[in-house]
């Protein structure tokens with residue numbers, strides 16, 4: 001399962017380097033060589049700014065296309081077993097029913113933990129750095145809301161963490177950070193209890209409640225797969241939008 005999450009086998013820096021090299025080989029400087037000719041200098045002086053702008057757009061266009069070429073062409077449909085999915089930009093909402101209770105999972109691609117730089121040490125050897133770079137770059141945070149028929153909700157803020165790079169089963173460790181109770185018609189300004197200050201007994205009860213609704217370690221692993229697929233599609237769309245901007 002962890003293997004399917006490693007969809008980028010090279011670091012983002014390496015990917016950018018490859019695409020920059022492509023652009024450097026194919027996008028010339030805007031008319032600067034022509035300006036070396038005295039007869040043409042006056043003619044190009046007034047149009048240099050326009051040529052530079054065109055050159056910048058061409059470079060942006062080629063850069064976006066170069067990175068698109070590095071993306072997978074597989075069009076795997078977004079899916080999550082047992083959940084209905086709603087996508088709005090970078091936000092995904094997963095919903096399903098548990099008896100008379102609604103279970104809603106919300107995640108946003110723009111809300112993540114960037115753990116790559118923290119894990120890289122200047123003293124690490126090349127093999128260790130490469131192994132670390134081949135791990136997923138971002139670990140998602142998300143919110144699970146359990147809403148009873150009465151309208152009152154239990155809101156649990158979670159994250160997916162890892163404790164051991166060498167253990168593939170370590171990926172997908174579900175961690176609860178905050179818990180709140182929202183009355184019917186209530187706002188998101190409710191007090192949120194920090195779980196590190198809750199008793200072990202209370203946390204066990206919360207964990208059991210979530211486990212009964214299948215929000216557990218298995219769910220966390222599946223969520224990472226969904227997140228990976230979702231982020232891949234969003235990044236591809238970003239590059240396409242960037243191309244459209246450069247062409248406009």
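Checking the condition surrounded by fewer than 16 Cβ atoms within 10 Å (Cβ to Cβ) and at pLDDT 85 or above, which residue from 101, 131 passes? Talk me through it step by step, then tell me what you get.
Values: 131 fails: at pLDDT 85 or above.
Among 101, 131, only 101 is surrounded by fewer than 16 Cβ atoms within 10 Å (Cβ to Cβ) and at pLDDT 85 or above.
Only one of these conditions is not met by residue 172: (1) buried (at least 16 other Cβ atoms within 10 Å of the Cβ); (2) modelled with pLDDT of 90 or more. Which number is it?
All conditions pass for residue 172, except number (2).
Output the residue which, of all residues in the range 192-206 that are in contact with a strand residue (DSSP E or B) (Cβ under 6 Å, 6 or more places away or on another chain) and not in a strand (DSSP E or B), is surrounded by the fewest Cβ atoms within 10 Å (Cβ to Cβ).
Across the range 192-206, the extreme among qualifying residues is 192.
Please count how many residues of the range 83-104 are within 21 Å of residue 182 (Cβ to Cβ), part of a strand (DSSP E or B) and more than 16 Å from the chain's Cα centre (by Cα).
Adding up the residues that qualify gives 10.
Restricting to the range 207-220, what's the tally of residues that are within 18 Å of residue 94 (Cα to Cα) and in contact with a strand residue (DSSP E or B) (Cβ under 9 Å, 6 or more places away or on another chain)? Give the steps one after another, and end with the answer.
The initial filter retains those residues of the range 207-220 that are within 18 Å of residue 94 (Cα to Cα), namely 210-220.
Cutting the leftovers down to in contact with a strand residue (DSSP E or B) (Cβ under 9 Å, 6 or more places away or on another chain) gives us 210, 212-217, 219-220.
The number of residues fulfilling the criteria is 9.
If you check 162, 145, 188, which single one turns out to be modelled with pLDDT under 85 and surrounded by 16 or more Cβ atoms within 10 Å (Cβ to Cβ)? Talk me through it step by step, then tell me what you get.
Values: 145 fails: modelled with pLDDT under 85; 188 fails: surrounded by 16 or more Cβ atoms within 10 Å (Cβ to Cβ).
Checking each option against the conditions leaves just 162.
Would you say residue 234 is in contact with a strand residue (DSSP E or B) (Cβ under 9 Å, 6 or more places away or on another chain) and either under 24 Å from residue 160 (Cβ atoms) or surrounded by 14 or more Cβ atoms within 10 Å (Cβ to Cβ) (or both)? Talk me through it step by step, then tell me what you get.
Working: in contact with a strand residue (DSSP E or B) (Cβ under 9 Å, 6 or more places away or on another chain): yes; either under 24 Å from residue 160 (Cβ atoms) or surrounded by 14 or more Cβ atoms within 10 Å (Cβ to Cβ) (or both): yes.
Against the criterion (in contact with a strand residue (DSSP E or B) (Cβ under 9 Å, 6 or more places away or on another chain) and either under 24 Å from residue 160 (Cβ atoms) or surrounded by 14 or more Cβ atoms within 10 Å (Cβ to Cβ) (or both)), residue 234 qualifies.
Residue-wise test of (1) within 16 Å of the chain's Cα centre (by Cα); (2) modelled with pLDDT of 90 or more; (3) within 16 Å of residue 104 (Cα to Cα).
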residue: 167; (1), (2), (3): no, no, no
residue: 192; (1), (2), (3): no, yes, no
residue: 203; (1), (2), (3): no, yes, no
residue: 207; (1), (2), (3): no, yes, no
residue: 228; (1), (2), (3): yes, no, no
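The values are calculated or read from the model by the stated rules, or taken from the named source; none is laboratory data. Since the structure is predicted, the reported quantities are computational estimates derived from the model, not experimental observations. Counting neighbours? That spans all protein chains shown, and the Cβs are built from the backbone with ideal geometry, glycine included.
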